[in-house]
Amino acid sequence: MKPSPFEYVCPDTLAGALDALAQDPDYSKVLAGGQSLVPMMNFRLARPERIVDINKIPDLDGFEVQGDRLRIGARTRHLSVQYTDQPGPLGNLLREAASHVGHLPIRTRGTFGGSIAHCDAASEWCLVSTLLDAEMTAQSTARGTRVIPAADFFQAIFTTALEPDEILTSVSLPILDDNWVAGIAEFARRAGDFGIVTATAAVQVVDDTITEARVCIGGVSEVPFRSAAAESALRGATWSPDAVTAAAEAAAEEVDPPSDAHGDAAYRRDLVRALLPRALGQAQKQAHEQVRKTEAG
Ligand SMILES: Cc1cc2nc3c(=O)[nH]c(=O)nc-3n(C[C@H](O)[C@H](O)[C@H](O)COP(=O)(O)OP(=O)(O)OC[C@H]3O[C@@H](n4cnc5c(N)ncnc54)[C@H](O)[C@@H]3O)c2cc1C
C-alpha cells in the first residue's frame, strides 16, 4: 500500500513547525520517528494532507534534570532511553521498559514523545507516564506553552488532550529517591510485539514497610489503568509475598478488560494476576541490590 498524496515540510525551528501546523491543523500531522504514523498512512488509516517533520528541530531530544524531575525531550529515541545513564530507580525503570519496546530498528527511529502522542494503551511510555504522574509540555502558536498532567492527557485509544495544532515538546517525570523501587513485566506472543497485558509498579519502602505505592496496568482498558485497589493493598503493608499476592488479586478483580483476538477478558485478568507479582519481584530484586551495594560501602 502507498499513502495518499501529501505535502511534506521539514522546518528547522520549532516556531516554523508550529506555523506550518497552524495553517491547517485538522489536515496536518507531526512526523517524529514514523514508526506508527507511516504504517497508518500506508494502510490509509491516516490521510494527512500535510506532514510536518520535526526531525531537524534542535533541542527536542535528550535528558535534563530539573530539580526533582527528569525532563525527556519528546524526540528522544527509544534506544537513547534504553541506554540512559539516569541513576536510581527511575533510570532502572526507563531502561527496563525501553527494552520491551518493539525491535531494535523501531527503537532506533521511534520516539518517546511519539509513543505518548500516539496513545496506544499498551505502549510502555504511556504506562510509565501514567504510573509516575508525568507532566506533558505542549506548544502551539495559538496557546503558547501548556503543561498537561498524565491523568488528563490520555483520554481514549489513540486520543490525547493534544490539540491538532500542538507539538509535544517534552515529558517530565519525578526522580524517585532511593527508597523507591520499580519494575515492569509484560506478556506478548512474540518478542517485540506490544504486550497483551503489561504491569508496572513503583513502591516506596521504609524499614520493610510500603509507605507509598503506584500500580499501572496496560492492555485492560482504553488508556493505561492505575489500580487504586492494588495501590491501597500495598500501602502500609509489610513488603512480603502475601502483600504482593493481595495486590495482584486486588488488581485482577478491579480491572474490566476487553475481549479481542489476542485474549478474552478472563485471560487478561489472569495475566494481571501473574504479571503484577513479576513487576514487583523485579522491584524487590533492585531493593536487594541496593542493600548489597550499601553494605559493600
Ligand atoms: C512492529 C512494531 C512493533 C512495535 N512495538 C511497540 C511496543 O512494543 N511498544 C511500544 O510502545 N511501541 C511499539 N511500536 C510503536 C513505536 O514505539 C512507535 O515509535 C511509537 O508508537 C510512535 O513513535 P514515533 O516517534 O515513531 O511517532 P510517529 O509514528 O512519527 O507518530 C505517531 C503519532 O504521534 C504524533 N506525534 C509524534 N510526535 C509528536 C509530537 N512531538 N507532538 C505531537 N504529535 C506527535 C504523530 O502525528 C502521529 O499521530 C511498534 C511499532 C512497530 C512498527
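In terms of Cα to Cα distance under 17 Å, which lysines are near enough to LYS56, apart from those fewer than 8 places away along the same chain? Counting by Cα, and skipping residues close in sequence, LYS56 has these lysines nearby: LYS29.
Charge dipole of the chain (Cα centre as origin; +1 on each Lys and Arg Cβ, -1 on each Asp and Glu Cβ, all else neutral): 840 debye, rounded to the nearest 20. Using a basic spin-label model with each label point 7 Å from the Cα along Cα→Cβ, how many nm lie between ALA161 and ARG44? Using points 7 Å along Cα→Cβ, the separation is 3.6 nm.
For the pair the range 162-234 and the range 112-133, the centres of their Cα atoms are 10 angstrom apart. About its Cα centre, the dipole of the range 46-127 is roughly 240 debye, where the only charges are +1 on Lys and Arg Cβ and -1 on Asp and Glu Cβ. Summed over qualifying helices (DSSP H, 4 residues or more, each -39500 (n - 2.57)) and divided by its residue number, the chain shows a 222 nm mean residue ellipticity of -11000 deg cm²/dmol.
Please work out whether the range 21-61 counts as rounded, prolate or oblate from its C-alpha gyration tensor, where a ≥ b ≥ c are the square roots of the eigenvalues and a/c under 1.5 means rounded, while otherwise a/b larger than b/c means prolate and anything else oblate? Since a/c reaches 1.5 but b/c is at least a/b, the shape of the range 21-61 is classed as oblate. FRET efficiency for the ALA142 to VAL206 pair, using the beta carbon distance and R₀ = 41 Å, is estimated at 0.35. Between THR238 and ASP68, residue separation times 0.36 nm minus the direct Cα-Cα distance comes to 58.5 nm.
Relative to the longest principal axis of the chain, what angle (0 to 90°, nearest 10) does the C-alpha long axis of helix 88-99 take? It works out to around 60 degrees.
When +1 charges are put on Lys and Arg Cβ atoms and -1 charges on Asp and Glu Cβ atoms, the dipole computed for the range 180-296 relative to its Cα centre reaches about 360 debye. Only one residue of GLN86, SER227, ALA188 has its Cα farthest out toward the positive end of the dipole of the chain, where Lys and Arg carry +1 and Asp and Glu -1 on Cβ, and that residue is ALA188. Here the range 56-110 and the range 257-279 have alpha carbon centers that stand 27 Å from each other. Once the Cβ-Cβ distance of ASP193 and LYS2 is raised to the sixth power relative to R0 = 41 Å, the FRET efficiency obtained is 0.95. For the chain, what does the alpha-carbon gyration tensor say about shape, rounded, prolate or oblate, given a ≥ b ≥ c as the root eigenvalues, a/c under 1.5 as rounded, and a/b over b/c as prolate? Here the chain falls in the prolate category.
Rounded, prolate or oblate, given the Cα gyration tensor of the range 121-201, with a/c below 1.5 counting as rounded? It comes out oblate by the Cα gyration axes.
The phi-based Karplus calculation (6.51 cos²θ - 1.76 cosθ + 1.60; θ = phi - 60°) puts the 3J(HN,Hα) values of the range 188-202 at 10, 5, 10, 4, x, 6, 4, x, 5, 9, 10, 10, 10, 8, 9 Hz, whole numbers, x for Gly and Pro.
Potential lengthening of the chain between ASP177 and THR294 amounts to 40.7 nm, from the contour at 0.36 nm per residue minus the alpha-carbon distance.
A straight Cα-to-Cα reach below 25 Å connects LYS285 with the lysines LYS293, residues fewer than 8 places away in its own chain not being considered.
Note on the chain: with a GNM built from Cα contacts shorter than 10 Å, the maximum mean-square fluctuation among ALA230, ALA17, ALA266 falls on ALA266.
In the chain, a dipole from Cβ-located charges (positive for Lys and Arg, negative for Asp and Glu) runs towards its positive end, and of LEU173, VAL197, GLY33 it is GLY33 whose Cα lies farthest in that direction. Report, to the nearest 10°, how far helix 265-296 tilts away from the longest principal axis of the Cα atoms in the chain, using its own Cα long axis and a range of 0 to 90°. With rounding to tens, the tilt is 70 degrees.
On full extension, the segment bounded by ASN55 and ARG95 gains 12.1 nm, given 0.36 nm per residue less the C-alpha separation. Helix 241-254 and the longest principal axis of the C-alpha atoms of the chain enclose an angle of approximately 40°.
Rule-based calculations on the coordinates, nothing more; no lab input. Quick caveat, the model's predicted, so the values are computed rather than measured. Don't worry about glycine lacking a Cβ; one is built from the backbone with ideal geometry, like all the others, and counts go over all protein chains shown.
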